[in-house]
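Accompanying notes for the structure given below.
The values are calculated or read from the model by the stated rules, or taken from the named source; none is laboratory data. Every value quoted in this text rests on a predicted model; they were computed, and no experiment measured them. As a convention, Cβ positions derive from the backbone with ideal geometry for all residues, glycine included, and neighbour counts pool all protein chains shown. Side chains included, ligands, DNA and RNA excluded: accessible areas come from the protein's heavy atoms. Shrake-Rupley method; radii C 1.70, N 1.55, O 1.52, S 1.80 Å.
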Amino acid sequence: MMERPGSLKKIIKDFHSEMLRGLQNKKSSLKMLPAYIDRPLSSEKGRSFAIDLGGTNLRILEAGLKGKGRIVAFRQRQFSIKRELLSGGAEAFFDFIALSLKSFLEEKSKLAKNMKLGFTFSFPMLQTGIASGRLIHWTKEFSVRSVTGKDVVNLFNAALIRKGLKGIKIVALLNDTVATLIARSYKDKNCDIALILGTGTNACYYDRTRQGIINIEWGSFNKLPRTVYDLELDKSTDNPGEQTLEKMVSGRYLGRIARLTLKGLGLNIPGLETEYLSGIELDSSKNLLRVKARLKSLGLAKSSLEERKLVKDVCLLVSLRAARIVAASLAAVIMHIDKNLSRRHSIAIDGSLYQRHPWFSRNIKLTLKEIFGKKAAKIKLVLTKNGSSQGAAIAAAVASKCKI
Ligand code: GLC
């Protein structure tokens, strides 16, 4: 029987067949990239460092692994990345990362010797080893020049040398989904899938048969039915035709979809951003006063109740659709690794959208119930805050035990 386009069943089926094609190196919108790092044993101990790059901030962390799945953050700093760096040259970009690390270490410069450093680089990479990876293409509207096709560890090492930080060596390079999976796995043996729902979106899973972690790069899944507004949004981005799922799901785009949809329905609110969706959707007052205040702050001084209802409904639908796409894709991954859902699965999730949106997590859970029925109880969604930084610190400890 043919499934209805856009139905959960159809998405799950198409997603799974794209996964299989990707794994077999056939043409697929899912890259299915092997990550060259093992899951931790929980017994790793010692001090390690992480650099986490992937959104608008760069994070640096010094962490202590205490064994038995315990990790403490000794120090953490966040550096905001100037917009112009995102579309400038590679040297300036990697110099910025090196200088941020230098300023982080300045207080304790002797740490630089023999430090274990993990690098979370949240973009699609073709890895050939634990500490090397070439950028396949930028996503999330990053467009730093002359990085595509190059090994980012080499580019970073060159910047370290330029900035006089010679003794430092990256021992592990990983995607943020992989880091999040590692962070949760350090204390939870049931964790075999991780998701990021933030500026971008993606997932990875532990493949038992291949004994390794696979970064799906699910943001580029392209078998979803799109509305005219999705198409319009796509055209306005710097990578039209790419990252189709990401443009329907992640924080970078949800506000824009709501804006374009409302415009199509006759209501123009140019300032509507993803961060306002939560407040709008949470307004349960009879006259939608919170929505009214938000619209006012966005330049719509007078709004009718009808208009406010429309704004709220559109926001609710945009975020509900996103959560349902996530749940269906996740279901495909679960079915791939455990056909009859016979084991328990902890799904580690990190990212601002998941953390801040009031209904996202609930909507994913409800949709999983719709798909799996009672068996959905075996699936646990676990918020894994700072997973993408902590995971890199743990990965550095795992990697320094292996021969590189
Ligand atoms: C984008 C990147 C992917 C990353 C995700 C979440 O989809 O391509 O590598 O994991 O954003 O940050």
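Things to note:
- Conditions (1) in a strand (DSSP E or B); (2) within 16 Å of the ligand (Cβ to nearest atom): number failed by Tyr354: (1)
- Helices (runs of 4 or more DSSP H) enclosed by region 164-255 - at least 2 residues per element that are within 9 Å of the ligand (Cβ to nearest atom) and of a type outside the set (A, V, I, L, M): 176-185
- Qualifying residue in region 364-379 (condition: open to solvent by 10 Å² or more (accessible area, probe 1.4 Å), in contact with a strand residue (DSSP E or B) (Cβ under 6 Å, 6 or more places away or on another chain) and in the same structural domain as Leu262 (by TED's automatic domain parsing)): yes
- For region 27-38, a residue qualifies if it is touching a Gly at 6+ places or on another chain (Cβ under 9 Å) and part of a loop (DSSP other than H, G, I, E, B), and the qualifying residues are Ser28, Ser29, Leu30, Lys31, Met32, Tyr36, Ile37, Asp38.
- Index of the failed condition, Thr56 passing every other in (1) open to solvent by 40 Å² or more (accessible area, probe 1.4 Å); (2) under 15 Å from Ala392 (Cα atoms); (3) within 16 Å of the ligand (Cβ to nearest atom): (2)
- Filter pass, Leu33 being under 21 Å from Arg208 (Cα atoms), surrounded by fewer than 18 Cβ atoms within 10 Å (Cβ to Cβ) and not charged (D, E, K, R): no
- Unique match (being touching a residue at least 40 places away in the same chain (Cβ under 8 Å) and under 30 Å from Ile11 (Cα atoms)) among Arg256, Arg362, Arg356: Arg356
- Any chance Ser29 is of a type in the set (S, T, N, Q) and within 20 Å of Ala395 (Cα to Cα): no
- Residue among Lys140, Lys116, Lys169, Lys163 that alone is open to solvent by 60 Å² or more (accessible area, probe 1.4 Å) and in contact (Cβ under 8 Å) with a residue 40 or more places away in the chain: Lys169
- Qualifying residue in region 185-199 (condition: farther than 14 Å from Ile347 by Cα and either in contact (Cβ under 8 Å) with a residue 24 or more places away in the chain or buried (at least 24 other Cβ atoms within 10 Å of the Cβ) (or both)): yes
- Of all residues in region 259-302 being of a type in the set (S, T, N, Q) and more than 26 Å from the chain's Cα centre (by Cα), the one that is surrounded by the fewest Cβ atoms within 10 Å (Cβ to Cβ): Ser284
- Residues in region 51-72 that are in contact (Cβ under 8 Å) with a residue 60 or more places away in the chain, aliphatic (A, V, I, L, M) and farther than 23 Å from Leu160 by Cβ: Leu65, Ile71.
- Failed item, numbered, when Arg210 is tested on (1) over 17 Å from the mean Cα position of the chain (by Cα); (2) not assigned by TED's automatic domain parsing to the domain that holds Pro240: (2)
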